[in-house]
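These notes concern the structure reproduced below.
The values are calculated or read from the model by the stated rules, or taken from the named source; none is laboratory data. The structure presented is a predicted model; accordingly, all values stated were derived computationally and were not measured. Heads up, the Cβs are rebuilt from the backbone with ideal geometry, glycines too, and the neighbour counts pull from every protein chain shown. Please note that ligands, DNA and RNA were not included when accessible areas were found on the heavy atoms of the full protein model with its side chains. Shrake-Rupley method; radii C 1.70, N 1.55, O 1.52, S 1.80 Å.
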Amino acid sequence: MTSSSRPLLNRRLAEFGTTIFAEMSALALKTGSINLGQGFPDTDGPEEIREAAVRALRDGRGNQYPPGPGVPELRTAIAAHQERRYGLSYDPDAEVLVTAGATEAIAAALLALVEPGDEVVALEPYYDSYAACIAMAGGTRVPVTLRPHDGSFRLDLDELRAAVTDRTRLLLINTPHNPTGTVLTREELAAVAELAVERDLLVITDEVYEHLVFDAAEHIPLVSFPGMRERTVSIGSAGKTFSFTGWKVGWVTAAAPLVTAVRSAKQFLTYVASGPFQYAVAEALALPDSYFDAFRADMLAKRDVLAAGLTEAGFEVFRPAGTYFITTDIRPLGPDLSQNGDGFAFCRALPELAGVVAIPNAVFYDHRDEGAPFVRFAFCKRVGVLEEAVGRLKKLAG
Ligand code: PMP
Ligand code: GLN
């Protein structure tokens, strides 16, 4: 302990306490509640991919420091996935970087590309690590709020344009979007791309839910729009796509100068991570389309179970076009139950009241009042678990 009165945690991080995910998962454990808060599946990914990790461990592949950019097998598999899925071509040696989950990719990209004082325009609500990493980089975040419109949260392109100033260095985009489940349309993405080109901005695009897109929605990589190849850092993750969130294998694909910049920061964060898992994820990325189709169909069925249940329990449900989260408005539950529309108070009370844990979207907002009535539930759980949670929530509503 220091004897000075200066706080231990520096000013850049002072506003960030324990992440909401840690807080709410701890609350779930303590109260024995069903955890629909933190987004992790309650069943592991494909058995053959688990076996691939075991094989790598046994064969001594990746048990010592893998190469800084990632093992060649995985970089090649990432490039092949981008080509097969989207017709995007990347050089596995110069344009692909393996990271410790998407979390490290986001951190390294922001630390590498942002100068103190630069403005970073991000969609609000934003994934919690964005704000913390912009702050660590000394940048200023400029939120552009997605607002409810005809049953989903939409981006106002005029507001986005107005948010860009001479100090803006980059746009931080997330589609499919956590926590709202919004998938940006082709028209919206084209407008974002045009703006980036016109104002000569860099773009970081977090596409970790690329394979979780439902109904008529389509995931289109932002980098595929004209003028974007040389300015876009695209981020992916095996955690979401293969249901191994504990393995922490993520990646960046971008033009060589951008990858070189991001690697400069990355090498001093973890240097490298997840050696044997990198080999397993290389095999996972080469799984046939049938794996990805079945994964999406399974999550879609789960979405429908939870969406129907939450609607019956009295929530307003914003049916997500992507991700594995449903954002709800709690106000229709009435002032008493919804704690006067205060999602924080509601989520803190819910474990005791109903034995269910959810996430208050307000934590993802600078404009906390805008986010106050919204609460996020994860549906990446077994159907029986979702049904039990829904049953509990329905009883609550009486
Ligand atoms: N970005 C978004 C939008 C996320 O939801 C998450 C976590 N679920 C991450 C990044 C972090 O991914 P990873 O677990 O691969 O670090
Ligand atoms: N991305 C996950 C979510 O949104 C949580 C990951 C984490 O705990 N950092 O729920």
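See the values below:
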| read-out | value |
| --- | --- |
| Count of the stretch 202-244 residues which are more than 15 Å from the chain's Cα centre (by Cα), farther than 25 Å from Ala94 by Cα and of a type in the set (Phe, Trp, Tyr) | 1 |
| Subset tally (residues that are surrounded by 15 or more Cβ atoms within 10 Å (Cβ to Cβ) and closer than 18 Å to Glu73 by Cα) for the stretch 264-292 | 15 |
| Residues of the stretch 161-179 that turn out to be more than 11 Å from ligand 1 (Cβ to nearest atom) and touching a residue at least 12 places away in the same chain (Cβ under 8 Å), as a count | 9 |
| Number of the condition not met by Pro46 [criteria: (1) within 30 Å of Leu310 (Cβ to Cβ); (2) open to solvent by less than 80 Å² (accessible area, probe 1.4 Å); (3) touching a strand residue (DSSP E or B) at 6+ places or on another chain (Cβ under 9 Å)] | (3) |
| In the stretch 131-155, the residues that are loosely packed, with under 15 Cβ neighbours inside 10 Å and in a loop (DSSP other than H, G, I, E, B) | Gly138, Asp150, Gly151 |
| Every pair of residues 6+ apart whose Cβ atoms lie under 9 Å, when the first sits in the stretch 242-254 and is within 11 Å of ligand 1 (Cβ to nearest atom) while the second is of a type in the set (Phe, Trp, Tyr) and open to solvent by less than 10 Å² (accessible area, probe 1.4 Å) | Val249/Phe242 |
| Given (1) more than 24 Å from Leu160 (Cβ to Cβ); (2) in a strand (DSSP E or B); (3) within 16 Å of ligand 2 (Cβ to nearest atom), index of the condition Glu104 fails | (2) |
| Residues being among the aliphatic types (A, V, I, L, M) and either touching a Lys or Arg at 6+ places or on another chain (Cβ under 8 Å) or buried (at least 24 other Cβ atoms within 10 Å of the Cβ) (or both) - total across the stretch 317-349 | 3 |
| Residue tally, condition in contact with a Pro (Cβ under 9 Å, 6 or more places away or on another chain), within 16 Å of ligand 1 (Cβ to nearest atom) and under 20 Å from Arg199 (Cα atoms), over the stretch 112-127 | 2 |
| Lone qualifier among Asp206, Asp200 - being out of contact with any Asp or Glu (no Cβ under 7 Å at 6 or more places or on another chain), near ligand 1 (Cβ under 10 Å from one of its atoms) and at pLDDT 95 or above | Asp206 |
| Flag if Glu352 is away from ligand 2 (no atom under 16 Å from the Cβ) and surrounded by fewer than 16 Cβ atoms within 10 Å (Cβ to Cβ) | yes |
| Only one of Ala362, Ala301, Ala282, Ala286 that is within 24 Å of Tyr126 (Cα to Cα) and either of a type in the set (A, V, I, L, M) or away from ligand 2 (no atom under 16 Å from the Cβ) (or both) | Ala362 |
| Residue match in the stretch 8-19 (condition: in contact (Cβ under 8 Å) with a residue 60 or more places away in the chain and within 23 Å of Lys240 (Cα to Cα)) | yes |
